[in-house]
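Nothing in this text is a laboratory measurement; each read-out follows from the coordinates by a stated rule. Everything numeric here is computed off the predicted structure, so don't read it as measured data. FYI the Cβ positions are ideal-geometry reconstructions off the backbone, even for glycines, and counts take in every protein chain you see.
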């Protein structure tokens, strides 16, 4: 019979409706002003921290709604922002520098929804307020650094094989462009072509990825070594990724719950910190510098005596991450400047967590010598970070610089170490991963410059939310009114599908944990207007069929079937445009493209399959003389 769906299609529509309502529901509960307490590398957030925070708030007479500990993060909820702001100062002062205390907005989503993975969608910078940075990474400096590292490597290799050379230095573009040779790299000068040929064979075997070219000049015979185009791109790409990793680690110091740190183009990084209003503080954290040092640990003197102030000559007392202390020798074995890579894994012999470190040529030579002389002795890895803090003194901001030094690992040297070695003695694979991250991202791989910064206040963010919400409501109501007046009963069916479409869009954004921005709201408003286009085409086709004298049941079937190709063409072309916007656009344009794309796909489902299911239930399987259209 005409206009009847099989049971599975009705079941599909009902399932989509129920799932959509379920995952859109968390967005109705709102948020509580909250304090988020996280730890630095020198402290932990545990039950003792929770008890301490409770006592601090109780002693200060500050009322709070709840306090919870999960995933090494303490969350304290308040009923208003005034109590939240006062509590931040009290808790920050009481906990000290070992913890990061940040303002936050915590969703009120019930636990049963959270257990199903239903959480509200994030709000972007323009809706919540915060700071936005656009950073330019000097990726060419990473190439220069890579080329300069080869200078020490080449010298060591040639000396080891007793190949005499006159000079090893880096050359620049203008030196070789006229000859069409490699643009930049390392040049080695020799006194004869025979020695150059011998050196070329050695370098080609040791460094197969380098481009080697001979160049005869009046003052000698030169061998030019440079990175090929593929290697240059890899070096630039790696520098950008390492800088993103470094910035992400540093943003954690701010305690921002939903930061956006993403690559833009080939050399830029976008950093968005919702909820952060202190631009100066954010710039201090993002621009901090960090280094590493490898030192020998002292095993003969009493650490407790040193803690009490009696540090033996030639030694220095350092704090450890777990709160203890260790005595280290003043002599630095190696600095982190020589580390070019670090990765975590498992030791092949013991199966315990390990971190694999790779040094450049010069660092390998230095480390090989000092570790060979100190086998079976303890070696410590010291993490050194230079921080700049702004404090208010007599009502004026005063910048103070301090250096944080802490031991992140102590391990025994089992063998002579060289270019690649491993650190063991770690508690877990997670600790090994974190240590590798610190070693790899302790310092920026290439200099960065902030070329754009914006601050958006929370009041403007709330105004954007209110105006965006109002625009959706106005557009929604006007479309509902038009469809109900113009198409009567069928118009009400289209309105039902439009409401379902909005619910499904919100549900999809929530399930994807997408960040809703002001352009995203614009995409939703546009979708509200476009969502009924398909129904307009279908309903006008049904009217046309009725005017031609076709029966109502046949007109319904013909209207949906004959309008489908037109609807598909229109929506696919719009979807192509949205995909292009996403591919070539920046952050705000991407947000608009995402919501528009989701809206197109959901409206296709609700406007065609959803309305057809309702119409089939209303008119299918029975004799109909007239349609309300």
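Calculate the spin-label point distance for residue 172 paired with residue 228, positioning each point 7 Å from the Cα along the beta-carbon direction, and give it in nanometres.
Output for this residue pair reads 2.8 nm.
Can you give the Kirkwood hydrodynamic radius of the stretch 140-229 from its Cα pairs, in Å with one decimal?
Working: mean 1/r = 0.0766 Å⁻¹.
Result for the stretch 140-229, one decimal place: 13.1 Å.
Fully extended, how many nm does the chain gain between residue 192 and residue 455 (0.36 nm per residue separation, minus their Cα-Cα distance)?
On the way: separation 263, 0.36 × 263 = 94.68 nm, distance 6.25 nm.
Taking residue 192 through residue 455 to full extension adds about 88.4 nm, to one decimal.
Starting from the Cα-Cα distance between residue 12 and residue 44, subtract it from 0.36 nm times their residue separation and give me the gain in nm to one decimal. The partial results should precede the final answer.
Details: separation 32, 0.36 × 32 = 11.52 nm, distance 4.79 nm.
Full extension of this stretch gives 6.7 nm more.
With Kirkwood's inverse mean 1/r over C-alpha pairs for Rh, give me the Rg to Rh ratio of the stretch 209-249, two decimals please. Walk me through the intermediate numbers first.
On the way: Rg = 16.5 Å, Rh = 12.6 Å.
Dividing the radius of gyration by the Kirkwood radius yields 1.31.
Compute the helix-to-body angle for 7-24: its Cα long axis versus the longest principal axis of the chain, expressed 0 to 90° and rounded to tens.
Taking the Cα atoms of the chain, the angle to 7-24 is about 60 degrees.
Consider just the alpha-carbon atoms of the stretch 31-107 and return their Rg together with their Dmax, both in angstrom.
11.1, 31
Could you calculate the FRET efficiency of residue 374 with residue 304 from 1/(1 + (r/R0)^6), where r is the beta carbon distance between them and R0 is 35 Å, rounded to 0.05?
About 0.90, to the nearest 0.05.
So how do 232-239, 323-330, 5-12, 538-545 stack up, highest first, on mean other-Cβ count within 10 Å?
Highest-to-lowest ranking by the protection proxy: 538-545, 232-239, 323-330, 5-12.
Between helix 533-547 and the chain, what is the angle of the helix's C-alpha long axis to the longest principal axis, kept within 0 to 90° and rounded to the nearest 10?
20 degrees
For the chain, what does the relative contact order come out to in percent, with C-alpha contacts under 8 Å and a separation of six or more? Don't skip to the answer; put the middle values down first.
Numbers: 1138 pairs, mean separation 105.2, N = 629.
This gives 17 percent for the chain.
Normalised by the residues of the stretch 55-158, what does the relative contact order come to in percent, with Cα pairs under 8 Å and at least six apart? Before the final figure, lay out each step's value.
Values: 50 pairs, mean separation 15.3, N = 104.
Over the stretch 55-158, the number comes to 15 percent.
Quick one: Kirkwood hydrodynamic radius for the stretch 496-622, alpha-carbon pairs, angstrom, one decimal? All intermediate terms of the calculation are to be shown ahead of the outcome.
Details: mean 1/r = 0.0644 Å⁻¹.
Averaging 1/r across every pair of different Cα atoms and inverting gives 15.5 Å.
List the extent of the Cα atoms of the stretch 24-153 along each of their three principal axes, largest first, rounded to whole Å.
Between the extreme Cα coordinates on each principal axis of the stretch 24-153 lie 63, 38, 28 Å.
Express in whole angstrom the spacing between the alpha-carbon centres of the stretch 482-549 and the stretch 589-629.
So the two Cα centres are separated by 7 Å.
Mind listing the Cα extents of the chain along all three principal axes, in Å, largest one first?
102, 74, 53
Mind ranking 159-166, 413-420, 102-109, 523-530 by how tightly packed they are, going by the mean number of other C-beta atoms within 10 angstrom, highest first?
Numbers: 159-166: 12.8, 413-420: 15.5, 102-109: 18.5, 523-530: 20.4.
Final packing ranking: 523-530, 102-109, 413-420, 159-166.
Taking the Cα-to-Cβ direction at residue 570 and at residue 4 and moving 7 Å from each Cα, how far apart do the two end points lie in nm?
Once both label points are built, they end up 3.2 nm from each other.
How many nm separate the modelled label positions at residue 550 and residue 82, each set 7 Å beyond the Cα in the direction of the Cβ?
If labels sit at residue 550 and residue 82, their model points lie 6.8 nm apart.
So if each residue of separation counts as 0.36 nm, and I subtract the Cα-Cα distance between residue 469 and residue 416, what length gain in nm does that give?
12.5 nm
Rounding to the nearest 10 and keeping the result within 0 to 90°, find how far the Cα-based axis of helix 361-372 lies from the longest principal axis of the chain.
With both axes taken from Cα atoms, the answer is about 60 degrees.
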